[in-house]
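Trainee: Here you go, one structure.
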Amino acid sequence: MDERSLIRSLVPVLGAAATADDCATIQHGGEWLVLSTDMLHETTDFPAGMTDREIGWMAAAVTISDIAAMGARPVALLLATGLDRPERLAGITAGALECCRAYGCDLAGGDTDAHTELTIVSTGLGTALRPVRRSGAGIGDLICVTGYLGGAQAALSGYDQFWERLIAPEPRVAAGLALNAGGATAMMDVSDGLAMSLHDMLGVNDCGFTVETVRLPIPDGVPAEEGRDFALFGGGDFELLFTVPPERFPVAGVEATAIGRVVAEHGVWADGASLPARGYVHTWTK
Ligand SMILES: Nc1ncnc2c1ncn2[C@@H]1O[C@H](COP(=O)(O)OP(=O)(O)OP(=O)(O)O)[C@@H](O)[C@H]1O
Ligand SMILES: Cc1ncc(C[n+]2csc(CCOP(=O)(O)O)c2C)c(N)n1
Ligand SMILES: [Mg+2]
Ligand SMILES: [Mg+2]
Ligand SMILES: [Mg+2]
């Protein structure tokens, strides 16, 4: 059993909207509230060697990234922390606060208890006049990504020069806001890798996605073939994946690369071959 199939089993219970986007969306007055929650565990999410401050930054950043992915402005964050040792709270909170401040977000509360494995749940609230959803891709749109992909996986694979990229994700808040204003038709972050994210987008669109791997922005100094593998299937890059009509690209102020096209046929292809839904996914052996 894996995370994706388990989440799909919720659709008949909760409705498709509950699992369709990086954030839940609630209309409130003349705007939308967007809400996201993320759970991180020491063994699966915090590579050995991270300081408590870095752990706090990462916990805040992954949630702020989901808010950025809706083209929304982060407003407030709650941090619930299950601590294996009480003295870790100060460092974790300092790191989370540093990240929140960097993105204009209030660290407004949380919860604290004791737990065998350090576990952090960060919950964030943002606002947008109109959120950008994962659905909404139009046939003929360009498929684009901000920044570059595969850096976090490169670090996990021993390219130490990408360590910061792995442990200190920088959510693309300004880019998300600019892409919302600039006409992005669909958007999400690529936390679980590009291939998995394209399949997530496929699940909520009638069209399909075709990318050319030579166009992928890969980590500098990594051999091209390995870099493309990291970019397609590695997780932990908090860049934005979006679609946009070609006449609206590039979007002013956003560093992004066009990597493919939205097509009529339903599926995901790389260089003409079907791209597997492989990436950073939690699994259960029983
Ligand atoms: N237990 C759950 N109950 C209700 N909705 C859920 C549950 N788990 C996940 N979802 C929803 O399913 C969708 C996919 O979740 P997922 O965790 O993959 O999104 P994400 O936060 O963008 O990714 P990541 O966990 O890599 O940050 C989201 O809309 C999320 O709100
Ligand atoms: C051992 C290790 N592998 C990968 C990463 C990068 N990483 C951080 S959060 C995340 C995805 C979202 O998490 P989730 O789907 O659990 O919300 C990923 C892939 C890491 N920090 N440590
Ligand atoms: Mg996300
Ligand atoms: Mg998330
Ligand atoms: Mg998740």
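Since every read-out is calculated from the coordinates, none of them should be taken as a lab result. Just so you know, these numbers come straight off a predicted model, no measurement behind them. No Cβ is skipped: glycine too gets one built from the backbone with ideal geometry, and neighbour counts run over all protein chains shown.
Trainee: Using only the alpha carbons of the chain, determine the length spanned along each of the three principal axes and report them from longest to shortest in whole angstroms.
Mentor: Over the chain, Cα extents along the principal axes are 54, 50, 43 Å.
Trainee: Provide the FRET efficiency to the nearest 0.05 for the LEU6-GLU225 pair, computing r from the beta carbons and using R0 = 45 Å.
Mentor: The value I calculate is 0.85.
Trainee: Using a 10 Å cut-off around each Cβ, can you sort MET187, MET50, MET39, MET201 from fewest to most neighbouring Cβ atoms? Walk me through the intermediate numbers first.
Mentor: Working: MET187 30, MET50 19, MET39 16, MET201 26.
In order of increasing Cβ crowding within 10 Å: MET39, MET50, MET201, MET187.
Trainee: Using 0.36 nm times the number of residues separating VAL75 and ALA24, minus their current alpha carbon distance, what extension gain do you get?
Mentor: Difference between extended and current length: 16.9 nm.
Trainee: Let me ask another. Collect residues whose amide H, placed 1.01 Å from N in the peptide plane, falls under 5 Å from the amide H of LEU240; neighbours closer than 5 in sequence don't count.
Mentor: Placed amide hydrogens put THR146 under 5 Å from LEU240.
Trainee: For a footprinting-style exposure proxy, rank PHE242, PHE46 by other Cβ within 10 Å, fewest first.
Mentor: Details: PHE242 34, PHE46 19.
The most exposed by this proxy come first: PHE46, PHE242.
Trainee: Tell me, what ³J(HN,Hα) does each residue in the range 47-58 have, in order and in whole Hz, if you take phi through Karplus 6.51 cos²θ - 1.76 cosθ + 1.60 with θ = phi - 60° and put x for Gly and Pro?
Mentor: x, 3, x, 6, 7, 4, 4, 5, 4, x, 4, 4
Trainee: Right, next: Each residue of the range 116-130 in order: what ³J(HN,Hα) in whole Hz does its phi give by Karplus 6.51 cos²θ - 1.76 cosθ + 1.60, θ = phi - 60°, with x for Gly and Pro?
Mentor: After applying 6.51 cos²θ - 1.76 cosθ + 1.60, I find 5, 10, 3, 9, 10, 10, 10, 10, x, 10, x, 10, 8, 5, 8 Hz.
Trainee: Right, something else. Neighbour counts of other C-beta atoms within 10 Å: give me GLU255, GLU170 arranged from fewest to most. Spell out each step's value before the answer.
Mentor: Working: GLU255 13, GLU170 18.
Ranking GLU255, GLU170 by Cβ neighbours within 10 Å, fewest first, gives GLU255, GLU170.
Trainee: Sum -39500 (n - 2.57) across every DSSP H segment of at least 4 residues in the chain, then divide by the residue count to get the 222 nm mean residue ellipticity, nearest 500. Each step should come with its number before you reach the end.
Mentor: Details: 10 runs with 84 residues, N = 286.
The helix contribution divided over the chain gives -8000 deg cm²/dmol.
Trainee: Let me ask something else about it. What distance in nm lies between label points placed 7 Å from Cα along the C-beta direction at LYS286 and ARG215?
Mentor: Inter-label distance under the simple model: 4.7 nm.
Trainee: Here's something else I'd like to know. Ordered by residue, what ³J(HN,Hα) values in Hz, to whole numbers, does the range 277-282 give under the Karplus form 6.51 cos²θ - 1.76 cosθ + 1.60, where θ = phi - 60° and Gly and Pro are x?
Mentor: 7, 10, x, 8, 10, 6
Trainee: Skipping prolines and chain starts, which residues have an amide H placed within reach, meaning under 5 Å, of the one on LEU118, given they are 5 or more residues away or on another chain?
Mentor: Hits under the 5 Å cutoff: GLU42, ASP84.
Trainee: From zero up to wherever the largest Cα-Cα distance of the range 187-286 sits, split into 5 Å bins and tell me the percent of pairs in each.
Mentor: 3, 12, 22, 26, 20, 12, 4, 1, 0, 0
Trainee: What is the range 1-121 by shape, rounded, prolate or oblate, if you read a ≥ b ≥ c off the alpha carbon gyration tensor as root eigenvalues and call it rounded for a/c under 1.5, prolate for a/b larger than b/c, and oblate otherwise?
Mentor: On the way: a/c = 2.21, a/b = 1.31, b/c = 1.68.
Cα axes put the range 1-121 in the oblate bin.
Trainee: For the range 96-200, compute the orientation-averaged projected area of the C-alpha convex hull (one quarter of its surface), in nm². All intermediate terms of the calculation are to be shown ahead of the outcome.
Mentor: Working: hull surface 37.2 nm².
With every direction weighted equally, the projected area is 9.3 nm².
Trainee: Also, I was wondering about something else. Could you pull out every residue, at least 5 positions away or on a different chain, whose amide H is within less than 5 Å of the one on ALA76? Hs are placed 1.01 Å off N in the peptide plane, and Pro or chain starts have none.
Mentor: ASP106, LEU125
Trainee: While we're looking at this one, here's another question. Of the candidates PRO12, PRO171, PRO250, which one comes out as most mobile in a Gaussian network treatment of the chain with C-alpha springs shorter than 10 Å?
Mentor: Between PRO12, PRO171, PRO250, it is PRO12 that shows the largest mean-square fluctuation.
Trainee: Using the alpha-carbon atoms, what tilt in degrees (0 to 90, nearest 10) does helix 89-102 show relative to the longest principal axis of the chain?
Mentor: So the inclination is approximately 40 degrees.
Trainee: Return the percentage of antiparallel bridges among DSSP beta bridges fully within the chain, rounded to the nearest 5 %.
Mentor: 80 percent
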